[in-house]
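Visitor: So that we are looking at the same thing, I have put the structure below in structure tokens.
The values are calculated or read from the model by the stated rules, or taken from the named source; none is laboratory data. For clarity, every value in this text was computed on a predicted model and none was experimentally measured. Positions of Cβ are generated from backbone atoms using ideal geometry, with glycine treated the same way; all protein chains shown enter the neighbour counts. To get the accessible areas, we keep the full protein, side chains included, count just its heavy atoms, and leave off ligands, DNA and RNA. Shrake-Rupley method; radii C 1.70, N 1.55, O 1.52, S 1.80 Å.
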Amino acid sequence: MPTRGDRFISSLADGRNVWLDGAKVKDLSEHAAFQGTLGTIKRLFNQLDDPALRDNVGFAPPGREAYAHSSFLVPYTAEDLSRRSRAFSYWADETHGMMSRLSDYGRSMITGWYAARKQLSQLDPDFEAKITAYYTDAR
């Protein structure tokens with residue numbers, strides 16, 4: 001069974017156009033220039049499925065067996081905020097700070113919109129349903 005990291009790397013074969021030094025990259029997952037970065041991302045994603053590591057970076061969402069990254073944890077308590085911070089720090093430490101924004105920026109934005117979905121629905125009545133579906137899928 002493919003790992004979470006393998007599934008991510010496979011998802012890159014979606015027809016995207018990537019160019020490097022004036023040449024189109026035919027297979028992002030096989031190109032030498034991307035091996036280090038993709039190997040690191042694969043290792044980080046696989047931590048979410050490793051019982052020895054997953055609590056460092058993730059949480060089990062209600063009703064789901066698979067862990068999600070703590071960037072998707074809506075913080076309701078100081079401990080929730082600490083858990084998110086520890087997860088960001090852990091991945092930053094794992095990458096020596098080179099990929100510190102990997103887990104926090106986009107995912108936290110989605111989580112913030114999800115957390116504020118009721119208020120934002122005052123501007124768009126369909127927002128709550130749309131962001132809930134997007135957040136659940138992304139998580």
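Visitor: Return the lysines within reach of Lys118: Cα separation strictly under 17 angstrom, same-chain partners fewer than 8 residues apart disregarded; answer none if there are no such residues.
Guide: Cα-Cα hits under 17 Å: Lys130.
Visitor: Under a crude label model (7 Å from the Cα following the beta-carbon direction), how far is Thr136 from Arg7 in nanometres?
Guide: Label-label distance for Thr136 and Arg7, simple model: 1.6 nm.
Visitor: Please list, in chain and number order, the residues 5+ apart from Gly58 or on another chain whose amide H is under 5 Å from its amide H, with Hs placed from the backbone.
Guide: Close amide H contacts, sequence-distant or interchain: Ser70.
Visitor: How long are the semi-axes of the equivalent ellipsoid of the chain, defined as square roots of 5 times the Cα gyration tensor eigenvalues? Whole Å, largest first.
Guide: Details: eigenvalues 162, 84, 41 Å².
They are 28, 20, 14 Å, listed from largest to smallest.
Visitor: Report Lys24's accessible area, 1.4 Å probe, all protein chains in place, as a number in Å² to the nearest 10.
Guide: Surface accessible to solvent at Lys24 totals approximately 100 Å².
Visitor: Now, a different point. How much mean residue ellipticity at 222 nm does the chain get from its helices, if each DSSP H run of length 4 or more adds -39500 (n - 2.57) and you divide by all residues, to the nearest 500 deg cm²/dmol?
Guide: Only helices count here, giving -14500 deg cm²/dmol.
Visitor: Which lysines does Lys24 reach when only Cα atoms under 24 Å apart count, and residues fewer than 8 places away in its own chain are ignored?
Guide: Lys42
Visitor: Next question, about the same structure. Round to the nearest 10 and report in Å² the accessible area of Met99, as given by a 1.4 Å probe over the protein chains' heavy atoms.
Guide: Result for Met99: roughly 40 Å² accessible.
Visitor: With the contact rule set at Cα under 8 Å and sequence spacing of 6 or more, what percent relative contact order holds for the chain? Intermediate results must be reported in sequence, preceding the final value.
Guide: Values: 131 pairs, mean separation 20.8, N = 139.
Answer for the chain is 15 percent.
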